[in-house]
Amino acid sequence: MTKRYLTPVILFVCLCFNTSVNAQALSGPSVIDITDKIDYTKTLDTEPEKLIFKDSGNGALENGVAQINIDPELSKHIIVDSDHPLKVYIQLEGENNGVYVTNRSSKGFWVKEFSEGASNSKFTWRIVGQGI
């Protein structure tokens, strides 16, 4: 039996779309050892056990505020709390007063403009969350 090694992100895509990957895809010390489509076990290198999930997308402020919802399938696999904060990275694409991120949860987050701004700027976002 050929073992397939997948990063958690690739595993997430494979599980969501019920597919498999035939090549080795190693990108870090923590990998998933897939032995068949149903059973999988975590294998570790020298670092502590830690699954990391990433996602990205586009958003736009509407009167200085934007609510971003995380894909519900991804939400099931991450934990967001004071010990495992959701990391959110914003790249602004328009003129505004600057933004900050608030109300982070496994379901999403809010992006708000500083100084109660009311711009309608576009932005891209990227999140990194701790797997359950």
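Test residue 102 against the criterion of being surrounded by fewer than 19 Cβ atoms within 10 Å (Cβ to Cβ), under 20 Å from residue 58 (Cα atoms) and free of Cβ contacts under 8 Å to residues at least 12 places away in the same chain, and give yes or no. Talk me through it step by step, then tell me what you get.
Values: surrounded by fewer than 19 Cβ atoms within 10 Å (Cβ to Cβ): yes; under 20 Å from residue 58 (Cα atoms): yes; free of Cβ contacts under 8 Å to residues at least 12 places away in the same chain: yes.
So residue 102 passes the test.
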* Asked: Restricting the search to the stretch 100-127, which residues are closer than 18 Å to residue 86 by Cα, charged (D, E, K, R) and in a strand (DSSP E or B)?
  -> 104, 112, 126
* Just need a number here: residues in the stretch 105-132 that are surrounded by fewer than 16 Cβ atoms within 10 Å (Cβ to Cβ) and more than 22 Å from the chain's Cα centre (by Cα). => 5
* To do: Output the qualifying pairs, or none if there are none: Cβ atoms under 7 angstrom, residues six or more apart or on different chains, first residue in the stretch 110-132 and touching a residue at least 24 places away in the same chain (Cβ under 8 Å), second residue of a type in the set (Ser, Thr, Tyr) and outside any strand (DSSP E or B).
  => 113/119
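I'd like to check which strands (runs of 3 or more DSSP E) are fully inside the stretch 38-99 and have at least 2 residues that are modelled with pLDDT of 95 or more and farther than 16 Å from residue 131 by Cβ. Before the answer, list the steps.
Values: elements: 40-44, 52-60, 65-69, 87-92.
Correct list: 52-60, 65-69, 87-92.
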* Restricting attention to the stretch 100-129, and to residues there that are touching a Leu at 6+ places or on another chain (Cβ under 7 Å) and under 14 Å from residue 53 (Cα atoms), which single residue is modelled with the lowest pLDDT? -> 129
* Structure fact -> Cβ pairs under 8 Å, 6+ apart or interchain, first in the stretch 70-98 and farther than 12 Å from residue 52 by Cα, second in a helix (DSSP H, G or I), ordered by first then second residue, are 73/12; 73/16; 97/114; 97/115; 98/114
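The values are calculated or read from the model by the stated rules, or taken from the named source; none is laboratory data. Note that this is a predicted model, so its numbers are computed, not measured. No Cβ is skipped: glycine too gets one built from the backbone with ideal geometry, and neighbour counts run over all protein chains shown.
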